[in-house]
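Below: the structure, in structure tokens.
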Amino acid sequence: MRYDLMLAGLLLAAPAAAQQGPLGLGTPASPAEIADWDIDASPDGAGLPPGRGSVAEGAVIYAARCAACHGPRGTEGAIAPALRLAGGIGSLATPRPVVTVGSYWPYATTLFDYTRRAMPFDAPQSLTPDQLYAVTAHVLHLNGLLPADAVLDAESLPRIRMPNRDGFRPVRGAE
Amino acid sequence: MPRLSRRAFAASAFAAPGIAAAQPLAVPPGMLAQGGPVDVPYGQPAATEAGVKRRPRAGPGYAPLLGTAGSSLTPLGDLDGTITPNGLHFIRHHAGVPAIAPEQHRLVVHGLVDRPLVFTMDQLRRFPTVSRLHFLECSGNTPFYQQARIRPDWTVQDTHGLLSCAEWTGVRLADVLAEVGLKPGARWMLAEGADAAAMTRSIPVAKALDDAMLAWGQNGEALRPEQGYPLRLFLPGYEGNTSVKWLRRLKFAESPFMTREETSKYTGLMPDGTARQFNFTMEVKSVITRPSGGQSMGPPGFREITGLAWTGRGTIRRVEVSTDGGATWQDAALQEPVLSKCLTRFRLPWRWEGGPAVLLSRATDSTGDVQPTRDALVAETGPNFVYHCNAITAWRVAPSGEVTLAV
């Protein structure tokens, strides 16, 4: 007998328990339980935490926590060219494209999300939401995408339109 | 038959010109005394195989920050068959290998679901299990896009070593998703790792419900730490990065999450400045592993040409081999079983006459896709595409017998 048919027979025989899947495996996960794990932020702003931070506050954090690897202005690629965070806007269609947050990334929320989960490289997940908004604002400022007096929060961050917003073409059949 | 002295026999048997008289074979010393112990807790290859090992790929300049290379390559030129021994499976990581105690590990499944659930490893192991043979290939394997960076001394380990194949054991993701119950709007799944990169990719739900697995087993034993121990996502045929290791969370939403790894990275930049995104499936590809770069032919005569072919779209239908740089092609034999989204070994008998030769292989898959030449591929993608290079690889055999990369 085929295994999937055997399994189907077993499932039919089991009493249908409300609130449970067909096999009754796993434990309910409450929002409180998973709050510290639920760290993603989407382009529409879903998942962004409360908080706020300014370009100026971000400059201080950037100098202390980011510049050693990414360069004082983010354009240097201090350790490797791939670590450039700023510059290159308008270069993508040239023979020597400079791929950075400013020139390439389609959404500003991605910068927040990635910094929150993985940066600083030597101490991931160590920045508070306020610090994350601030350093995100500063990296966008280094790219000329925010003025020096700007402040970011969960409302304003998703509204930033990145220069390469329309540069990506999903491959056919990806969905 | 009259008895001949050993010396006379040797002389008459090997009288053909150019063949030296052989010394009598010594009795192997291992036959003259008891052998070594067998109470070795975890067996190792013979000491003389120590040269068969992973080698780091000369990678991004920030490798020292990681305290290690960002990736390590499978020695394909030294291996037979199609299964990669676990200790030689290629490694690619973005923030090192976390040490995870399996009893502490949790998988959270939430978002657009009816019943958000958290699973322990014990709970996952109670699902119906499945074992399948599949290749895994890093999206950045075979760095041939920039001609100036290709080096003739590259071996097949350098060019194709971000490719491995194993029997993966775990549960069908579809079965786990039946437990949480996907809501109608759930079209994308975020998969997140428990490493210091908190690696994340968005995966179409159609793939999650098709052949995706949550795997804990690799060739009969637990996943190796560098392969995601204790749990990884496994997406057959998709670029390796999507098979998120150390898997801790799956979240469902209507739209892709647009993580750094599917925008800044793992997208292909075209000459017009646009980029291809969500380029998941690894295309039809093959490479000759013997003879290949860095090997030497030895004396002229019979040789088997052998290599590997694979496609993320289904099965390998045909592999053609050329020994004259593509002027003529012959069909290679495919080793059965030819499995879906798995490595297939091919073989062609050949007589090397001692002259120059250029060896190529060209695979065709079950969708009819044919592996392109490097020129054709780069004409389509430009030189800055970085990922998904499935170009035909050429090995040049010099009259001396030395084999070098000739792409």
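The values are calculated or read from the model by the stated rules, or taken from the named source; none is laboratory data. Here the structure is a predicted model, which is why all the values come from computation and not from measurement. Here the Cβ is made from the backbone with ideal geometry for all residues, glycine too, and neighbour counts use every protein chain on show. Each accessible area value is taken on the protein alone, full model and side chains, heavy atoms only, with ligands, DNA and RNA left out. Shrake-Rupley method; radii C 1.70, N 1.55, O 1.52, S 1.80 Å.
Considering the conditions (1) touching a strand residue (DSSP E or B) at 6+ places or on another chain (Cβ under 6 Å); (2) of a type in the set (S, T, N, Q); (3) surrounded by 17 or more Cβ atoms within 10 Å (Cβ to Cβ), B:SER340 is excluded by exactly one of them, (1). Restricted to strands (runs of 3 or more DSSP E) entirely inside segment B:350-407, those with at least 2 residues that are farther than 23 Å from B:ILE316 by Cα, in contact with a Gly (Cβ under 8 Å, 6 or more places away or on another chain) and open to solvent by less than 20 Å² (accessible area, probe 1.4 Å) are B:403-405.
State whether the residues of segment A:79-98 include one that is facing chain B (nearest Cβ under 9 Å), more than 27 Å from A:PRO170 (Cβ to Cβ) and open to solvent by less than 10 Å² (accessible area, probe 1.4 Å). Looking for residues that are facing chain B (nearest Cβ under 9 Å), more than 27 Å from A:PRO170 (Cβ to Cβ) and open to solvent by less than 10 Å² (accessible area, probe 1.4 Å), one finds at least one in segment A:79-98, hence yes.
Of the strands (runs of 3 or more DSSP E) entirely within segment B:229-281, those holding at least 2 residues that are open to solvent by less than 20 Å² (accessible area, probe 1.4 Å), closer than 18 Å to B:SER131 by Cα and not assigned by TED's automatic domain parsing to the domain that holds B:ASN390 occupy B:232-234.
Taking segment B:78-109 only, how many residues are within 23 Å of B:ALA50 (Cα to Cα), outside any loop (DSSP other than H, G, I, E, B) and open to solvent by 30 Å² or more (accessible area, probe 1.4 Å)? So the answer is 3. Looking for whichever is farther than 21 Å from B:LEU233 by Cα and not small (Gly, Ala, Ser) here; the options are B:THR120, B:THR82, B:THR74. Which one fits? The match here is B:THR82.
Checking each residue in segment B:34-69 for being open to solvent by less than 50 Å² (accessible area, probe 1.4 Å) and either part of a helix (DSSP H, G or I) or in contact with a strand residue (DSSP E or B) (Cβ under 7 Å, 6 or more places away or on another chain) (or both) picks out B:GLY59, B:ALA63, B:LEU66, B:ALA69. Kindly indicate whether A:ALA56 is more than 22 Å from A:TRP105 (Cβ to Cβ), modelled with pLDDT of 90 or more and either assigned to a helix (DSSP H, G or I) or more than 8 Å from chain B (Cβ to nearest Cβ) (or both). Spelling it out, A:ALA56 is indeed more than 22 Å from A:TRP105 (Cβ to Cβ), modelled with pLDDT of 90 or more and either assigned to a helix (DSSP H, G or I) or more than 8 Å from chain B (Cβ to nearest Cβ) (or both).
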